[in-house]
Amino acid sequence: MVAEGIAKRFGRRWALRGASFRAEPGSVQAVMGPNGSGKTTLLRIVSTSLRPTRGSGFIFGHDLLRDADLIRGDVGVLYHAAGVYGDLTARENLEFARRMWGGAVAASVDAALERVGLTHAAADRAAGFSSGMTRRLALARLIMRPPRLLLLDEPYASFDAAGIELVHEIVRETAARDGIVLISTHDAERSAVVVDGVLRLKDGRVVPEEAPGLDPVRLAVEGAL
Amino acid sequence: MSVRSEAGRVAAVAWKDLTAERRSKANFNAVLFLAALMLLMFGFALGPDTATLRTAAAGIVWLTVLFSGTLAFHRSYQVELERGALETLLLYPGGRSSIFLGKLLANLAFVLLVEAVLIPLATVLYDVPVGRVTWMLAVVVFLGTFGFVTLGTFYASMASRSRAREVLLPLLLFPMLVPVLVAAVEATAALLGGDLMAESGRWVRLLVAFDVIFLGAAIVAFGAVIEE
């Protein structure tokens, strides 16, 4: 993945002012920075949900602007809002996802529900789920169709220890398949066990790493300061 | 993307919207109640004269469908915004037009269901005999509803990103609906009046033309409109 001078303006405010970075297949990058530094906007642009105001990029050989339709099929996301339908049951939510993918899934609905620990709630409406259960349901989507580009925005929110371990398993599996993972997080300590690089944002720009192999925990602490 | 997989996505979106609506029923009950109330209020406003009520019936029914149906379009996109589902929906592979067509089908089924209760109620309240023209009337109702729902689904997607979407949707939608409304009311009135001048055929052809043009334009423009 290569991004060159990615900038995004919302009205009169620039959320990103020219972010440039590379991410190699098989790598897990933590995207860190203070609130308002452009982390979520960067993830949404890379996912093709948002078009950048300026800049360009290539993901798995596809142009970020011209080939968004091709990139989209390789993307899996876990945002703070889980993107599930409250009036559908857990099983129906996953069944809907399966049908939208044209039936091309690596794991069945039941297998995905079992792995995220929601088998007992398969027939329950998602509106009655706790925040952690809702996000587990979103994780089940990632298990059903493992993405090549995995984008996680504050993935540790609402999860218990088992949920966090599940997130890490999915991250490791994606990297092992030569996929790319970007994790936007403030929790440097938790993410340190899976990340192998840090993309630090400040005021909408990527701050260059001072030296290769920097400890992400230290970088995050510096960013917070 | 194959036509078969796109058709599968259209069916999936329609199934998802209708299943969610069937579960909650909140929207259907609200729309039906509002529509029935409007029919009664128009009746009170026009007075007890049967001839006046019959003359105005076509316009009243279509206006009632238009005002009450607009609520359905709001709900159609509200469910996508509640838990960030729209972002996930837009990341599925395939054309954006399948999302539009799926929502169009679901909204069409919804409004036709409301009309299935509303129109018989109107024929009783306004004492309008429809026996001889029932099937032709059904064709007019379907064509008029299709044009209305096509534009409503499209403009609701445009308004859904706005904070003032409840106000914005009627402002965008109603002016664009004038041709469909005029054609649907004229065709319905001609049929209810016995169609002595054989006018309904012209209006029906016009409705078909509007439906085709609006559907084509909405499919082309939807991708740009739904993206932030």
* Rel. contact order, % - alpha carbon contacts under 8 angstrom, at least six apart, segment B:3-227 -> 26 percent
* Structure fact -> Two pseudo-spin positions, 7 Å from Cα along C-beta at B:ALA11 and at A:ALA104, lie apart in nanometres by 1.9 nm
* Under Karplus coefficients 6.51, -1.76 and 1.60, residue-wise ³J(HN,Hα) of segment A:76-83 in Hz, glycine/proline x -> x, 10, 10, 9, 4, 7, 6, x
* **Assigned charges on the beta-carbon of Lys, Arg, Asp, Glu; chain A dipole about Cα centre (debye)** => 920 debye
* Asked: segment A:75-99 to segment A:145-208: how many Å between their Cα centroids?
  -> 20 Å
* Starting with the highest mean, order B:47-57, A:198-208 by the number of other Cβ atoms within 10 Å, averaged over the residues of each peptide. => A:198-208, B:47-57
* **Environment charge of B:PHE210, counting only residues whose C-beta is closer than 14 Å and scoring Lys/Arg +1, Asp/Glu -1** => 0
* **On Cα atoms only, tilt of A:131-144 relative to the major axis of chain A in degrees** => 90 degrees
* **Label-point separation, A:GLU114 to A:VAL2 (7 Å along Cα→Cβ), nm** => 4.4 nm
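State the antiparallel share, in %, of DSSP beta bridges confined to chain A, rounding to the nearest 5.
About 50 percent, rounded to the nearest 5.
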* Quick one: grab Rg to one decimal and Dmax as a whole number for segment A:123-211, Cα atoms only, in Å. => 14.6, 51
* Computed over the Cα atoms, what is the radius of gyration of chain B divided by 2.2 N^0.38 Å, N being its residue count? -> 1.05
* To do: Let me know the mean shielding of A:76-88 by other chains, meaning the per-residue number of their Cβ atoms within 10 Å of its Cβ.
  => 6
* Asked: For the protein assembly as shown, what is the calculated [θ] at 222 nm in deg cm²/dmol (nearest 500), taking -39500 (n - 2.57) for each run of four or more DSSP H residues and dividing by its residue count?
  -> -19500 deg cm²/dmol
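Counting only other chains, what is the mean number of Cβ atoms within 10 angstrom of the Cβ of each residue in peptide B:75-85? Please list the in-between numbers first.
Values: counts 0, 0, 0, 0, 4, 2, 1, 6, 10, 8, 9.
That average works out to 4.
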* Asked: For the peptides A:139-150, A:157-168, B:201-212, what is the packing order when you average, over each peptide's residues, the other Cβ atoms within 10 Å and list the highest mean first?
  -> A:139-150, B:201-212, A:157-168
* Find which of B:VAL133, B:GLY94, B:ALA109 sits farthest along the positive direction of the dipole of segment B:91-206, computed with +1 on the beta-carbon of Lys and Arg, -1 on that of Asp and Glu, about the Cα centre. => B:GLY94
* Asked: Measuring from centroid to centroid over Cα atoms, what is the spacing of segment B:112-157 and segment B:1-70 in Å?
  -> 8 Å
* To do: Starting at the first residue of segment B:86-94, write each ³J(HN,Hα) from the Karplus equation 6.51 cos²θ - 1.76 cosθ + 1.60 with θ = phi - 60°, in whole Hz, x for Gly and Pro.
  => 4, 4, 5, 4, 6, 8, 5, x, x
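Given a Förster radius of 30 Å and the C-beta distance between B:LYS25 and A:PHE10 as r, what FRET efficiency does 1/(1 + (r/R0)^6) yield to the nearest 0.05?
Plugging the Cβ-Cβ distance into 1/(1 + (r/R0)^6) gives 0.20.
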* May I ask you to derive the FRET efficiency for A:SER56 and B:VAL225 from their Cβ-Cβ distance with R0 = 25 Å, giving the value to the nearest 0.05? => 0.55
* Asked: Quick one: helix A:90-100 against the long Cα principal axis of chain A, what's the angle to the nearest 10°, folded into 0 to 90?
  -> 60 degrees
* Asked: When the convex hull of the C-alpha atoms of segment A:32-161 is computed, what volume per residue in Å³ does it have?
  -> 125 Å³
* For the protein assembly as shown, just run the numbers: alpha carbon Rg, then divide by 2.2 N^0.38 Å, N being how many residues it has. => 1.15
* Structure fact -> Note on the protein assembly as shown, DSSP bridge orientation, antiparallel percent to nearest 5 equals 50 percent
* Asked: Taking the Cβ of B:LEU172 as the center, what net charge do the other residues with Cβ under 13 Å away carry, scoring Lys and Arg +1 and Asp and Glu -1?
  -> +1
* Asked: Counting only residues 5 or more places away or on other chains, whose amide H sits under 5 Å from the amide H of A:ASP203 once H atoms are built in the peptide plane?
  -> none
* Asked: With no solvent and one point per C-alpha, what does the Debye sum give as log10 I(q)/I(0) for segment B:173-214 at q = 0.18, 0.34 Å⁻¹?
  -> -0.48, -1.11
* Asked: How far is helix B:3-24 tilted, in degrees, relative to the longest principal axis of the Cα atoms in chain B, given as a value from 0 to 90 rounded to the nearest 10?
  -> 70 degrees
* Could you state, as a whole-number percent, how many of the C-alpha pairs of segment A:2-223 are farther apart than 21 Å? => 55 percent
* **Packing-based ranking, highest mean first, of B:83-93, B:18-28 given that Cβ atoms within 10 Å are counted** => B:83-93, B:18-28
* Structure fact -> Charge dipole of the protein assembly as shown built from unit charges on the beta carbon (Lys, Arg +1; Asp, Glu -1), centred at mean Cα; most positive-end Cα among A:LEU113, A:THR185, B:PHE67 is B:PHE67
* From other protein chains only, count the Cβ atoms within 10 Å of every residue's Cβ in A:47-56, then give the mean. => 2
* Rough spin-label spacing in nm, given labels placed 7 Å along Cα→Cβ, for B:ARG163 and B:ALA209 -> 4.3 nm
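Over segment A:37-102, what relative contact order in percent results from Cα pairs under 8 Å that are six or more residues apart?
In percent, rounded to a whole number, it is 20.
Where a number appears in this text, it was derived from the coordinates with a stated rule and is not lab data. Predicted, not measured: the structure shown is a model, and the values here were computed from it. Because the Cβ atoms are built from the backbone with ideal geometry, glycine has one as well, and the counts that use them run over all protein chains shown.
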